[in-house]
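Each remark here refers to the structure printed beneath this line.
The values are calculated or read from the model by the stated rules, or taken from the named source; none is laboratory data. Everything numeric in this text was worked out from a predicted model, so none of it was measured. Note: ideal-geometry Cβ built from the backbone for every residue, glycine included; neighbour counts use all protein chains shown.
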């Protein structure tokens, strides 16, 4: 089954039933889902990715991973977070992906002009002042995407929970050209 990307204009103008008063984004998304579901057919696949690969990437809205990598529905597991950094929860997801669902390869993707490049751990301190509690999680901010990709590759390769750490590759996606640049694991 092929997936198609939506242009920004298509995603802004809903073709589904009108949304509730106030035009809330969630209402629009639910309405668009109703339209999608009318033509939806069960693709008859299970949760095991066809290509046996898990892709870890930033949550940035400029990254259309399936289109950028030529992937189809069912090809991979996609794990996204702020920065695409390998955190404890990413290791959790990769462990489940490998041990329960058969993936063998890991692709890590950071990108140029990432929002994490402008944050610091001061973000956590600001949150603590505002809400009275410091987050348990680290911001994982960085200033050098290449070096952070190397760190993420190292975290995957040294995790005792992962079965397959020999095919771990890291890249930086250029948001202005759409090209991936592979990062050597040794600087």
(request) Identify, by number, the condition in (1) at pLDDT 95 or above; (2) surrounded by fewer than 13 Cβ atoms within 10 Å (Cβ to Cβ) that residue 63 doesn't meet. (result) (2)
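Quick check, is residue 54 in contact with a strand residue (DSSP E or B) (Cβ under 9 Å, 6 or more places away or on another chain) and buried (at least 20 other Cβ atoms within 10 Å of the Cβ)? Quick ask: steps written out before the conclusion?
On the way: in contact with a strand residue (DSSP E or B) (Cβ under 9 Å, 6 or more places away or on another chain): yes; buried (at least 20 other Cβ atoms within 10 Å of the Cβ): yes.
In short, yes.
Between 94, 73, 63, which is under 14 Å from the mean Cα position of the chain (by Cα), in the same structural domain as residue 168 (by TED's automatic domain parsing), touching a residue at least 12 places away in the same chain (Cβ under 8 Å) and not in a helix (DSSP H, G or I)?
Details: 94 fails: not in a helix (DSSP H, G or I); 73 fails: under 14 Å from the mean Cα position of the chain (by Cα).
Going through 94, 73, 63 in turn, the sole match is 63.
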(message) I'm trying to understand the selection: among the residues of segment 173-187, which are within 18 Å of the chain's Cα centre (by Cα) and in a loop (DSSP other than H, G, I, E, B)?
(response) 174, 175, 178, 179
(request) Return the total of residues in segment 33-51 being over 20 Å from the mean Cα position of the chain (by Cα) and either closer than 24 Å to residue 75 by Cα or exposed (fewer than 10 other Cβ atoms within 10 Å of the Cβ) (or both). (result) 12
(request) Within segment 102-127, track down each residue that is under 17 Å from the mean Cα position of the chain (by Cα) and in a loop (DSSP other than H, G, I, E, B). (result) 103, 112, 113, 114
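Could you check segment 97-112 and list, in sequence order, the residues that are touching a residue at least 12 places away in the same chain (Cβ under 8 Å) and closer than 15 Å to residue 52 by Cβ? Give the steps one after another, and end with the answer.
Pass one, segment 97-112, residues touching a residue at least 12 places away in the same chain (Cβ under 8 Å): 97-99, 101-112.
Of everything in segment 97-112, those that are touching a residue at least 12 places away in the same chain (Cβ under 8 Å) and closer than 15 Å to residue 52 by Cβ turn out to be 97, 98, 99, 101, 102, 103, 104, 105, 106, 107.
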(request) May I ask you to verify whether residue 78 is in a loop (DSSP other than H, G, I, E, B) and in contact with a strand residue (DSSP E or B) (Cβ under 6 Å, 6 or more places away or on another chain)? (result) no
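Given 139, 168, which one is on the phi < 0 side of the Ramachandran plot, touching a strand residue (DSSP E or B) at 6+ places or on another chain (Cβ under 6 Å) and in the same structural domain as residue 63 (by TED's automatic domain parsing)? Break it down stepwise before answering.
Details: 139 fails: touching a strand residue (DSSP E or B) at 6+ places or on another chain (Cβ under 6 Å).
Of the residues listed, the single one that is on the phi < 0 side of the Ramachandran plot, touching a strand residue (DSSP E or B) at 6+ places or on another chain (Cβ under 6 Å) and in the same structural domain as residue 63 (by TED's automatic domain parsing) is 168.
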